[in-house]
Amino acid sequence: MNKKTLSLKKLTSGLLKNGMKEMTGRSRAVKIREAIEKILREEREPLLVILDFGGVGPIDFSWADEMVAKLISRLWGGEYGDKFLIFKGLNGSQAENISVALERKRLTGLVAGPGDWRIIGSLNNYLIHTLTRVMKKRHLTLRELSDEEGIGMNTSGTRLLNLYKKRLVVRVDGMEAGKEEIHRGRQFVYQSLLAS
């Protein structure tokens, strides 16, 4: 999977000519979201976008709702294909406004920090638990999750598939991931976005 880091500071300086660092208002958010969407649509291969908020000023709710929540909603809807998004460089205030915008629409985002990660927004406890296992192990199959958690294969498969549909993990064919295990049918390996 290809990986691209987008600095919001650089992106906004090219799009918004007034030099303001604040991420406020829907009209400003639309310009930034459309620039990011253009990148997502042009890339044909699976892509992980790391959206860096370093050096960016305050974010208000309307900006977070228009830019972040709408972008994640469209990611979940499959509008951009096999694309993934991680946030980095968020301060507490920025994370809080983005989290509220995501929670109101029952969406989730992944925030990466130095050597750690967390989610913002809304995610069921059992999916948080499953995501934690994937992030810790770096990759996991539904059989491994089922055996480790003592849950049925259907349950583990549904949990991992939901994390993939929410673009919180990557799904690759078992043979591509180097899993040589003999099995019937197709087996997917679910990988941490941080391992990509």
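The values are calculated or read from the model by the stated rules, or taken from the named source; none is laboratory data. Keep in mind it's a predicted model, so treat the numbers as computed, not measured. Don't worry about glycine lacking a Cβ; one is built from the backbone with ideal geometry, like all the others, and counts go over all protein chains shown.
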Residues of the stretch 113-134 satisfying the condition of being under 14 Å from V189 (Cβ atoms) and among the hydrophobic types (A, V, I, L, M, F, W, C): V134
Subset of the stretch 103-116 (residues that are in contact with a Ser or Thr (Cβ under 9 Å, 6 or more places away or on another chain) and closer than 18 Å to D52 by Cβ): G109
R143 vs. criteria charged (D, E, K, R), touching a strand residue (DSSP E or B) at 6+ places or on another chain (Cβ under 6 Å), over 28 Å from E22 (Cβ atoms) and at pLDDT below 95: no
Residues being touching a residue at least 60 places away in the same chain (Cβ under 8 Å) and over 14 Å from S192 (Cα atoms) - total across the stretch 114-156: 0
Filtered residue count, the stretch 166-188, keeping only those that are at pLDDT 95 or above and more than 14 Å from P46 (Cα to Cα): 1
Within the stretch 43-75, tally of residues that are under 14 Å from K3 (Cα atoms) and not in a loop (DSSP other than H, G, I, E, B): 6
Any hit, the stretch 47-55, residues being more than 20 Å from A112 (Cβ to Cβ) and touching a residue at least 12 places away in the same chain (Cβ under 8 Å): no
Where G25 falls short, out of the listed (1) farther than 29 Å from Q191 by Cβ; (2) surrounded by 15 or more Cβ atoms within 10 Å (Cβ to Cβ): (2)
Close pairs from the stretch 72-84: first of a type in the set (V, I, T), partner part of a loop (DSSP other than H, G, I, E, B), Cβ under 6 Å, at least 6 apart: I72/L107
Subset of the stretch 23-43 [of a type outside the set (D, E) and over 18 Å from the mean Cα position of the chain (by Cα)]: M23, T24, G25, R26, S27, R28, A29, V30, K31
